[in-house]
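The values are calculated or read from the model by the stated rules, or taken from the named source; none is laboratory data. The model shown is predicted, which means the values in this text are computed figures rather than measured ones. Counting neighbours? That spans all protein chains shown, and the Cβs are built from the backbone with ideal geometry, glycine included. Ligands, DNA and RNA are stripped out before the accessible areas are found, and what is left, the full protein with its side chains, is counted by its heavy atoms. Shrake-Rupley method; radii C 1.70, N 1.55, O 1.52, S 1.80 Å.
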Amino acid sequence: MKTTIRKLQKRILGFLLIGCLSALIFSDTVFLMPVYAKEEPVTQEIVFTHDLHSHLESFSYKDEEELLSPIGGFARLKTFFDQEKEKAENTLILDAGDFSMGTLYQTAYETQASELRLLGLIGTDVTTLGNHEFDYRSEGLINMLDCAKASGDRLPLMTICNINRDNPTSEQKEVLDAFERFGMRDYVIIEKGGLRIAVIGVFGKESLSYAPTCVLSFDDPVEAVKKTVAEIENNEDADLIVCISHSGTSENPENSEDEILAKEVPQLDLIISGHSHTILDEPIVYGNTAVVSCGEYGVRAGKVILKQENKGTWSVEDYQLIKMDESIPEDTQALSAISQMGESINNNYLKQFGYTKDQILTTNSYEFDSVADVYDKNTESTLGNLLADSYIYTVEQADEFDGIPVDVAVVPSGIIRDSFYKGDITVSDVFNVFSLGIGKDKIAGYPLISVYLTGKELKTVAEIDASVSPIMSTARLYTSGLNYEFNTKRIILNKVTDCYLTDQSGDRKEIEDDRLYRVVVDLYSGQMLSAVTDISKGILKIVPKDKEGNLITNLEDCILYTNGHEIKNWTAVAKYMESFDNHEIPSYYQETHDRKIVRSDFRISDYFLHLNAISVILYVVVILILLLLGLVTRKMIKRIQRKRKK
């Protein structure tokens, strides 16, 4: 009896439990069940810049609609950065180098460290060095870093992972000691919103080739980043690894250093690519690594939001390039700091040249080629013509002019940083065009030098433009006094079909191969001649000489002077502009004048005329190969015929 009652009780209890569960499942009274909110994905916002080049102030910039409008500037960047940090407190702000050299503010690079201090003011967390941070040589870089540190201002952290510190020379040690004082590291760990983010800086191969005054040695970028990533993985509990690279991208896959880095180091979640001034409207993605780039001068800032995936990898959830235009107000604190830093420009720099920052030199009514045109097009340039002409004019008007006429002036695209727009052209505008470097006098601006080249070497100059510039855009050349014609369809290193000199009246003069000709160029371009020799594997070789034909061992001995001062390349342009009648740029510069004629047609004659040793050797090799193939074919035919007879 008791057993039967117990069974009945168990059945009743079972029915009650089933009923309760059913009520919970089908009832609208959801509050009886616990509710779990869906976990939000982990994201990280990163805002970035690169290649700011001393553009502290807002400036006029030719945009896609060919309109001039105030844009850029650190004051707008600060407003934008602050807005992003208000929306997401964990926003990380990074810069990929070349923050200096580009405007008159660089003239206080050593004494005020304006660019680095302003990066700190606007909120940049981490930066790295670009090739132009070495423009003022070792002493200038050391002074800048020490000045920034001594200011007591908030400064960004700094990282480069591929500095070679083995057996340093005394000068290298001085630079390395300055890095140590500043706090330079192979990588840094930044904590944002509970995430530990490793930031690695790296200095590219091309960057090093563009820094002739840099005394440091650097390890291979890819191998150094691999080694640093391994160190981070072994020693740090990092959630995210970001590389700020001053290496750049290129349309040529073999030269696209940051794309190579993305492929070779898949542990990197993001690469911010500086140096090449590239504007990437969409990230370049290899595996789980994204490469991003926002262009130069603070015209745009980049914004990327990364989302963490299940396996701990990250993907790009959102990517934008935000234009720093008038829709973004300028931060008053930044404006005040910039104004204070700029007060010394007139008294401490321009006064020695007899100029002031906003002094009007001339008026322009024409459309000059843009900087992009100067780099990308292989044709003659109205801007390049004016700049090259200014060299010859100013040198021959200088107080220390020795009376020997200048035969040729050469301006490579690599030193042209801005163009001239319609309206008044000020001293500041001219400086911005030639804003790089420093002279032997340790004063901002590359000086002009005078060297002598043989007629054969002048033809090599033309060949450099024709053959090397398509693979090295900074070697695109603009000349005064030297005219040439080339065909893009001809064999590389033998594309030039005609080369001659013109005098001031425009009359043609044939070039004598063994004669010495006087050539004027800026110091940096003279120092970069070795890069052309390296790229052409020694085939194209130019050796600067003095007027007696002796080899020059130190190009600084060839610097040109006026009134006891170095003739800076930018002051040459300023002096030339001051000479214009009615203070207007002549209509001559409204169009080109066949200084450079480029053809791409197919002409049989072009393949058998004007051959140099390279073409002759190549043709001989081709003929020998054809003869060899002919002999082999003939023997095979004879062998087949014998077999058939048998």
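For region 216-265, the spherically averaged projection of the C-alpha convex hull amounts to 4.2 nm². Less than 11 Å from a label point 7 Å out along the Cα-to-Cβ axis of ASN563: which backbone N atoms in region 327-354 qualify, by residue? Once the point is set 7 Å along Cα→Cβ of ASN563, 351-354 turn out to lie under 11 Å by backbone N, inside region 327-354.
Overall, the accessible surface of the chain at a probe of 1.4 angstrom is composed of carbon and sulfur to the extent of 52 percent. Run the Debye formula on the Cα coordinates of region 256-301, all scatterers equal and no solvent, and tell me log10 I(q)/I(0) at q = 0.25 1/Å. One equal scatterer on each Cα of region 256-301 leads to -0.84.
Binning all Cα-Cα separations of region 184-249 at 10 Å, short to long from zero, yields these whole-percent fractions: 19, 47, 25, 9, 0.
Each pair of Cα atoms in region 473-591 enters the Kirkwood radius, and Stokes-Einstein at 20 °C and 1.002 mPa s then converts it into a translational diffusion coefficient of 123 µm²/s.
Distance from the alpha carbon centroid of region 165-233 to that of region 97-157 works out to 16 angstrom. The fraction of all Cα pairs in region 191-336 landing in successive 10 Å bins from 0 to the largest distance is 10, 37, 33, 17, 3, given as whole percents. Computed on the Cα atoms alone, the convex hull of the chain gives a volume of 306 cubic angstrom per residue.
At an R0 of 22 angstrom, the distance between the Cβ atoms of GLN359 and LEU68 translates into a FRET efficiency of 0.60.
Counting Lys and Arg as +1 and Asp and Glu as -1, what is the net charge of the other residues whose Cβ lies under 15 Å from the Cβ of THR356?
Numbers: positive: LYS351, LYS357; negative: GLU343, ASP358, ASP424, ASP429, GLU578.
Computed value for this residue: -3.
With N as its number of residues, region 431-489 has a Cα radius of gyration that, divided by 2.2 N^0.38 Å, comes to 1.40. Restricting the calculation to Cα atoms, region 406-544 yields a radius of gyration followed by a Dmax of 15.8, 46 Å.
What order do you get for 369-380, 497-508, 408-419 when each peptide is scored by the mean count of other beta carbon atoms within 10 Å, highest first?
Details: 369-380: 16.8, 497-508: 13.3, 408-419: 23.2.
Packing proxy ranking, top to bottom: 408-419, 369-380, 497-508.
The mean sequence separation of alpha-carbon pairs under 8 Å and at least six residues apart, normalised by the residue count of the chain, gives a relative contact order of 12 percent.
All alpha carbon pair distances within region 309-380 were sorted into 5 Å bins beginning at 0; the resulting P(r) in whole percents reads 3, 9, 8, 8, 11, 16, 17, 10, 6, 4, 4, 2, 1.
Take the eigenvalues of the Cα gyration tensor for region 263-404, scale each by 5, and report the square roots as semi-axes in whole Å, largest first. All intermediate terms of the calculation are to be shown ahead of the outcome.
Values: eigenvalues 374, 110, 47 Å².
Square roots of five times the eigenvalues give 43, 23, 15 Å.
What does the charge count around GLU396 come to, taking other residues whose C-beta lies under 14 Å from its C-beta (Lys +1, Arg +1, Asp -1, Glu -1)?
Details: positive: ARG518, LYS575; negative: ASP389, ASP399, GLU400, ASP402, ASP407, ASP503.
Cβ neighbours under 14 Å give a net charge of -4.
Divided by 2.2 N^0.38 Å, where N counts the residues, the Cα radius of gyration of region 464-519 comes to 1.23.
Remark: region 366-430 is approximated by an ellipsoid whose semi-axes, taken from the C-alpha gyration tensor as √(5λ), come to 24, 16, 9 Å, largest first.
If R₀ is 35 angstrom, what is the calculated FRET efficiency for the pair ASP594 and VAL543, using the beta carbon separation as r and rounding to 0.05? Don't skip to the answer; put the middle values down first.
On the way: r = 29 Å, r/R0 = 0.83.
My answer for the efficiency is 0.75.
Helix 74-87 and the long axis of the chain differ in direction by around 10°, with both axes built from C-alpha atoms. The angle separating the long axis of helix 2-26 from the principal Cα axis of greatest extent in the chain is about 40 degrees. The Rg/Rh ratio for region 283-323, using Cα coordinates for both the radius of gyration and the Kirkwood hydrodynamic radius, is 1.05. Site pair ASN90 and ASP318 shows an inter-label distance of 1.5 nm when each label is modelled 7 Å from Cα along Cα→Cβ. When peptides 550-556, 47-53 are sorted by average Cβ neighbour count within 10 Å, with the highest value leading, the order is 47-53, 550-556. The residues packed around LYS442, meaning those with a beta-carbon under 9 Å from its beta-carbon, carry a net charge of -1 if Lys and Arg are +1 and Asp and Glu are -1.
According to the Kirkwood expression over distinct Cα-Cα pairs, how big is the hydrodynamic radius of region 340-383, in Å?
13.5 Å
In the chain, helices alone account for a calculated mean residue ellipticity at 222 nm of -10000 deg cm²/dmol, with every DSSP H run of four or more residues adding -39,500 (n - 2.57). Taking the three principal axes of the alpha carbon atoms in region 365-476, the coordinate ranges are 36, 36, 28 Å, sorted in descending order.
Between the helical axis of 170-182 and the dominant principal axis of the chain, each derived from Cα atoms, what acute angle in degrees is found, rounded to the nearest 10? The helix 170-182 is inclined about 30 degrees to the chain. For region 111-211, the fraction of C-alpha pairs more than 18 angstrom apart is 50%.
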